[in-house]
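Report on the structure given below.
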Amino acid sequence: MASSKEYLDFITEQLSELEENTISFRSMMGEYILYYKDKIAGGIYDNRLLVKNVQSAEKVIKNIVYEIPYKGAKEMILISDVEDKMFLKNLFEEIYDELPTGKAPKGKSKK
């Protein structure tokens with residue numbers, strides 16, 4: 001099942017507490033890769049928000065649930081509390097230093 005544009009819009013709105021123009025995305029095979037300050041932070045897969053499996057996430061998430069975004073991929077962390085904007089802001093800020101560098105797409109900023 002591909003992720004919906006509506007869910008992407010919802011998640012990017014939930015991330016609106018982050019600095020302006022720091023969230024961008026790239027569509028890939030019906031899913032979306034999310035970038036935070038030009039680093040790959042995670043993605044939206046089957047209408048689920050998943051973030052990179054980095055150690056610093058343990059400081060913010062109490063009960064970590066790991067899921068695989070698609071067959072053959074590495075485990076990522078499922079974010080079930082997508083309603084709490086401040087939680088998401090804190091999470092993305094906390095994991096930033098451990099995120100892999102990636103080239104964010106031009107013109108896809110959603111903030």
>> Please pick out the residue among S56, S24 that is within 22 Å of T101 (Cβ to Cβ) and over 11 Å from the mean Cα position of the chain (by Cα).
In response: S56
> Taking M28 and the conditions (1) at pLDDT below 95; (2) surrounded by 14 or more Cβ atoms within 10 Å (Cβ to Cβ), which numbered condition does it fall short on, given that it satisfies the others?
Replying inline: (2)
>> Go through (1) in contact with an Asp or Glu (Cβ under 6 Å, 6 or more places away or on another chain); (2) in contact (Cβ under 8 Å) with a residue 60 or more places away in the chain for Y45 and report which single condition fails.
In response: (2)
>> Show the residue pairs meeting these rules: Cβ distance below 8 Å; 6+ apart or different chains; first residue within the range 69-82 and touching a residue at least 24 places away in the same chain (Cβ under 8 Å); second residue surrounded by 13 or more Cβ atoms within 10 Å (Cβ to Cβ) and among the polar types (S, T, N, Q).
In response: M76/N53; I77/N53; V82/Q14
> In the range 36-68, which residue that is part of a loop (DSSP other than H, G, I, E, B) and acidic (D, E) is farthest from E20 (Cα to Cα)?
Replying inline: D46
> Out of the residues in the range 70-111 that are modelled with pLDDT of 90 or more and under 12 Å from K39 (Cα atoms), which is surrounded by the fewest Cβ atoms within 10 Å (Cβ to Cβ)?
Replying inline: D97
> From the list L34, L50, L8, L15, which residue is in contact with a strand residue (DSSP E or B) (Cβ under 8 Å, 6 or more places away or on another chain), surrounded by fewer than 21 Cβ atoms within 10 Å (Cβ to Cβ) and among the hydrophobic types (A, V, I, L, M, F, W, C)?
Replying inline: L8
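The values are calculated or read from the model by the stated rules, or taken from the named source; none is laboratory data. Computed from a predicted model, the values in this text were never measured in an experiment. All Cβ positions, even for glycine, are placed from backbone atoms using ideal geometry, and neighbour counts span all protein chains on display.
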